[in-house]
Amino acid sequence: MGAPRHKHKGQVTVSRIGNTPSKLQELDPPKPQIGSYFGAEVCVVDLNNDSTTDLLLVSAPTYMEPDREGKVFVCSFNQNLYFSFSGTVLEGMAGQRGRFGSSLASPADLNGDGFMDVLIGAPLEEDGQGSIYIFNGGPYQINPTYSQRIAGSSVQSGLRFFGISLSQFSLDQSRDKLREVAVGSMGAVLLLRSRPIMNLQTKVTYNPSKIPTSETDQSLRNTMKVCFTMSPYRHSITGLTANINYTIILDAKRQKYRAYFSPKNRFHNYEMNIGINKEICNSHTFEIDKILEDALNPLSNQLTFTFEGLPSATLQNIKPILLPGIKTTTEHNLDFEINCGDDNICIDDLRMDFNFSGSTNIEVGIMQEINVTVFVENRGENSYNTLFSLSYPFGLSYRRIISKQGRVECVSLDSEQKGSFGVTTCQISKPILKGNSQAVFHITYSINKESTFDQKVTFTATINSGNDQHSQTSELFKEKSIDVKYAIYIALIRHEDSTLHINFTAQKRDTEKTVKQILKVENDFRELSFKVFIRVPVMLGDKFIWSNKSIQIPGCVKQRDEQPVVTDFVEVIKKGRMVNCSVAVCAKFSCDKTLMKNERKLYNITGNVSSGWIEQTGLRAAVFQLVSSASLDYDKSKYVFFSSDSQQTAPSVQINTQVEVYEEVNLTKEIAGSVVGGLLVLALLTAALYKAGFFKSRYKQMLENAEQSPEAGPVTQ
């Protein structure tokens, strides 16, 4: 349920509905913004239609950015039955402020690829005419680039707020086996029908299949045969037709081209009509220069086509469309014959190997890159157009190549979804890798720290050439695996609310002081299950340190007490002023916990510390530390601790409380002595003043002053 006005930023509450409803989770905006209305619309998505929720979409239709308004955040459903932000954000077209995300729906698999798709409404786009967006689903996530934007103005003139609501289900109302969705606007509901998707296969052949390299005084003639086959994509609708308009460019990669249809013209256009499941072909003749500066690199002929579906009378004039993702521009090489001497047979002997340049693991979150070192050698006859390929897992991205020996040129295509592989393809000493020569080079891949790999990842290498035959001793295939470990960073910290200092008076026996020792555990990188071991000193000699003899830590299980390694604890304490598990019996606690990324956990050691154990040390005035300790344990076969030191050791922490013992001073005698001394000094001072006549002179002066006053009467005694 969405609460878009929660704290002015919005929130989504996930609850279990049943006889006893319960709140499972509260989702806050991953990118908070006041007034964004996060949670205005929510929509669950079952990507593979297996009746299990895969994603949760949460809209924030008034999320403001300089060039657009509205976002939809994609949350993934993890194994712990919780949603977490996947990092994917869906956005509309730049330059539009249309309340993108005002409506959400996942009604059907609209493009027929087997994964549910998503509709998102933006009813205020184009000055309130509105529009809707279609985002295609995949095996694990939604493609963040929309596949189609349908503006209300393109559907019907005069519409207002098109996309204000969307149907949550898709039915075949017209019974033509095509999906339909209903879209609401002000005062009208429109039914949009999907169009039949067509697959198109392209085939290009040459006659002759290779360009002869023998000397001739005339230009060489070749015929290029272009064929198209159209077939339904995940439907069985028949009777559909389309127009194909294509253009051929000969030797397209060269400015100075070696082939032409007519002098100084290497372009040719053609148009054809095509039906379902029928191969339609056309042949085009062209000429190749008789004098060639380059007779090794193939002619790379480019074919580009456009697809125009024609209206179908049986489907109310709906036009078929081409399957998205089909390449409309392809290259088709015409190779030269390979000259291999008198027997006209070149047999190369290619050997290939690779390693991970000394790395034994891929450490995700620590290593930014991994290097693959490749060795290629030809021990046979010349190898033409030698091609090395290396497949690598999703989560790695090609960065660069460094050649150590030989001439190597590489291109790479990274994988875009989990379960598939990227491929790096390298041309080795093109055009000819001569006999008894070799190439050595490094391929560098960057490691995405947010990726999730299997425990081992596999790299597969192949090598091939244009030679028709290879030696039986050739090594053309290699497969190697490397372990994967994930960086973790768990911080064990003494909490600031822990007790810093307590004190006891040596003369007062069996007194108690409250002590809190709090351990804070912080997980910064990724979801992690681990153990925390906490050791608390509980007995020194035969005296208990804590008044509660069976102290407990919430969330932890107490194990066997650990005995100290030192028996003469008095001397050790007097020297080191430390009470820890080396001198005291310690209670050991095991705490199993799973923390999500950026989650925190507190463990409390709370109780009253008594003074009885201090008395046996014989110390009547001292300051020392009462030390509890904590350490971390985790699956080291899967994780590696990220730290600044080279040892990458797991953390530990000490939780100290300073204990002070002092003697109380009796000040009664000092106070009494001070009072008596003060009185004696006062008496001596008074006697000295009397002997000096101080008091008599003052009295005589008062009498004289009284006699000199004429108005004064008799003095009455």
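Below, the figures for the structure above:
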{"read-out": "Candidate set from the range 85-105 (those that are part of a loop (DSSP other than H, G, I, E, B) and open to solvent by less than 20 Å² (accessible area, probe 1.4 Å)); member that is nearest to GLY130 (Cα to Cα)", "value": "GLY98"}
{"read-out": "Count of residues meeting criterion [closer than 30 Å to LYS601 by Cβ, open to solvent by less than 20 Å² (accessible area, probe 1.4 Å) and either at pLDDT 90 or above or out of contact with any Gly (no Cβ under 7 Å at 6 or more places or on another chain) (or both)] in the range 452-491", "value": "4"}
{"read-out": "Leading residue by the ranking (least open to solvent (accessible area, probe 1.4 Å)) among those in the range 404-421 that are touching a Gly at 6+ places or on another chain (Cβ under 9 Å) and either within 18 Å of PHE453 (Cβ to Cβ) or acidic (Asp, Glu) (or both)", "value": "SER415"}
{"read-out": "First in the range 166-187 and acidic (Asp, Glu), second anywhere and part of a strand (DSSP E or B), Cβ under 9 Å, 6 or more apart", "value": "ASP172/GLU180; ASP176/ARG193; ASP176/ILE318; GLU180/LEU171; GLU180/LEU191; GLU180/LEU192; GLU180/ARG193"}
{"read-out": "Pair list, Cβ under 7 Å, 6 or more apart: the range 313-331 residue in contact (Cβ under 8 Å) with a residue 60 or more places away in the chain, other residue open to solvent by less than 90 Å² (accessible area, probe 1.4 Å) and among the aromatic types (Phe, Trp, Tyr)", "value": "LEU322/PHE307; LEU323/TYR233"}
{"read-out": "LYS23 being part of a strand (DSSP E or B), open to solvent by 30 Å² or more (accessible area, probe 1.4 Å), without any contact (Cβ under 8 Å) to a residue 12 or more places away in the chain and of a type outside the set (A, V, I, L, M, F, W, C)", "value": "yes"}
{"read-out": "So PHE525, is it assigned to a strand (DSSP E or B) and either in contact (Cβ under 8 Å) with a residue 60 or more places away in the chain or within 33 Å of the chain's Cα centre (by Cα) (or both)", "value": "no"}
{"read-out": "Matching option when the condition is farther than 23 Å from SER359 by Cβ and either open to solvent by less than 60 Å² (accessible area, probe 1.4 Å) or out of contact with any strand residue (DSSP E or B) (no Cβ under 8 Å at 6 or more places or on another chain) (or both), among GLU496, GLU512", "value": "GLU496"}
{"read-out": "Residue ID - modelled with the lowest pLDDT, chosen from residues in the range 652-680 that are hydrophobic (A, V, I, L, M, F, W, C) and open to solvent by less than 100 Å² (accessible area, probe 1.4 Å)", "value": "LEU667"}
{"read-out": "Close pairs (9 angstrom Cβ cut-off, 6 or more residues apart or separate chains): within 13 Å of GLY309 (Cβ to Cβ) in the range 232-250, part of a loop (DSSP other than H, G, I, E, B) and among the basic types (Lys, Arg) anywhere", "value": "ILE237/LYS177; LEU240/LYS319; ALA242/LYS319"}
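Residue-by-condition table, conditions (1) surrounded by fewer than 19 Cβ atoms within 10 Å (Cβ to Cβ); (2) part of a strand (DSSP E or B); (3) modelled with pLDDT of 85 or more; (4) of a type in the set (D, E, K, R):
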| site | (1), (2), (3), (4) |
| --- | --- |
| MET352 | no, yes, yes, no |
| ILE362 | no, yes, yes, no |
| VAL372 | no, yes, yes, no |
| ARG399 | yes, yes, yes, yes |
| ILE402 | yes, yes, yes, no |
| THR425 | yes, yes, yes, no |
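The values are calculated or read from the model by the stated rules, or taken from the named source; none is laboratory data. Just so it is clear, the model here is predicted, and its values are computed rather than measured. For neighbour counting, all protein chains shown are included, and Cβ atoms are generated from backbone atoms with ideal geometry for every residue, glycine included. These accessible areas exclude ligands, DNA and RNA; they are computed on the full protein's heavy atoms, side chains included. Shrake-Rupley method; radii C 1.70, N 1.55, O 1.52, S 1.80 Å.
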